[in-house]
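> Dumping the structure here so I can ask a few things about it.
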Ligand code: FES
């Protein structure tokens, strides 16, 4: 009885070993394929490459809307997507680029379009208001400041990257 048990146990050992080695080899072959398949999805959330938007000399202390396009890769589909930014110079000369997407429900905000608030961004959808620096005005629907574009200025040219929550850009 003990000899029979011993033989079965040896067979089981071989089965486990072969299954283990086979599984290991299969994983070695499949992992690169899985990685290749999901790589575009992983890259979709990556930071946006900086793109040229305007000349620094065009900017004043009054926010102005600039439209531009970015290359966007969603999984396996690559496209050019339109973007906009409200760009201006602060009193100390810094370039500030704000996203026009309202933080309430995503409508587009405009600068000084509400007669009662001439120096604020206004969202017409639910009367949302933002200060010039993008901060949301308390007691209006938006609960967060406008997103801020990452930017760089090189040779007098303004480039924008990803729009991020204020303080993270
Ligand atoms: S979407 Fe802008 S206030 Fe509601």
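Derivation of every value follows stated rules applied to the coordinates shown; laboratory data play no part. Everything quoted here is computed from the prediction, not taken from an experiment. Neighbour counts are summed over all protein chains in view; Cβ atoms, including those assigned to glycine, are modelled from backbone coordinates with ideal geometry.
> Pairs of alpha-carbon atoms within less than 8 angstrom and 6+ residues apart define the contacts here; what relative contact order does the range 51-164 have, in percent?
Details: 233 pairs, mean separation 27.1, N = 114.
After rounding, I find 24 percent.
> Based on the alpha-carbon set only, what is the convex hull volume of the range 79-169 divided per residue, in Å³?
Cα convex hull per residue, to the nearest whole number: 116 Å³.
> Given labels modelled 7 Å from the Cα in the Cβ direction, how far is it in nm from residue 60 to residue 150?
3.2 nm
> Between residue 52 and residue 139, how high is the FRET efficiency from 1/(1 + (r/R0)^6) when r is the Cβ-Cβ distance and R₀ = 35 Å? Nearest 0.05.
About 0.35, to the nearest 0.05.
> Another question, then. Report the FRET efficiency, 1/(1 + (r/R0)^6), for residue 78 and residue 168, where r is their Cβ-Cβ distance and R0 is 25 Å, rounded to 0.05.
0.45
> To the nearest 0.05, what FRET efficiency results for residue 71 and residue 25 with a Förster distance of 45 Å applied to their C-beta separation?
It comes out at approximately 0.70.
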